[in-house]
Every structure is written in C-alpha cells, then in structure tokens.
Amino acid sequence: MITVFMEYKVNPDTYQSYERAMSSVIHELKKSGAADIQWYKAADQQTLYVECFQLLDMAAYESMKSKRTSPDHPVYSMIQPFITGGFEKIHCWAFEKMNAKEVL
C-alpha cells in the first residue's frame, strides 16, 4: 500500500466553495479505489489543506496524481479555481510504510 499526501493552499475568499466541492472530490476518490481518506485543515495556517489516502501501488499513485492535477478531469478539476496558484501548486507525495519495530 502507498500512502498519498496532497497539500495545497486555498484562496481565503473561496474556502467555503472549496469545502463544498470537496464532497464530490472525496466521493470520486472512493470510486477510484482510494481508501482511508482523511482531509485536514491546518490549525496554524488558515488556508492550508492536506488530503491523505491509501492506494494499492505506485502505478495507482501515478495515475491518481495525473488525474488530480488535470484541468480536464470532470470532478477533480472542480477545485482548481479555489487553489492558490492552481494545480501547479499542489504538492503530492507517495510514502511506503516502514516497520519501526525492525529498526528498534
């Protein structure tokens, strides 16, 4: 499993519209195979949001990353107008879980 983190800032005057659009984005993530979807707003930075979810493998991650940053995707593109700097400013990372017990 791959854990995906997506981080970006939302224009302060559009955060309500962004948050409404995210219900469709989260639904689409579920349909696309994402699991354990979590969505955060930074406690110390009013406009910073982070999404976290699980995908099966790196191929699924590369596909999702491409879709999430495409202005042509019918659902994921809904949030582009709300992101400060547009899709170019979405930071996306994939992580593999390490076994801390083996290290300790």
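Only the coordinates and a few stated rules stand behind these numbers; no lab work does. In this text, all values refer to a predicted model and were calculated from it rather than measured experimentally. Don't worry about glycine lacking a Cβ; one is built from the backbone with ideal geometry, like all the others, and counts go over all protein chains shown.
When the C-alpha to C-alpha distance is required to be over 26 Å, the pairs from K30/K89; K9/K101; K67/K97; K41/K101 that qualify are K9/K101; K41/K101. Relative to the longest principal axis of the Cα atoms of the chain, helix 15-31 runs at roughly 40 degrees. Shown for H27, H73: other C-beta atoms within 10 Å of each C-beta, ranked fewest to most, produce the order H27, H73.
Helix 58-68 axis versus longest C-alpha principal axis of the chain: approximately 10°, rounded to the nearest ten. Counting only Cβ charges, +1 for Lys and Arg and -1 for Asp and Glu, the dipole size of region 1-86 around its Cα centre is about 140 debye.
With the convex hull constructed from alpha-carbon coordinates only, the chain shows a mean projected area of 7.4 nm² over all directions.
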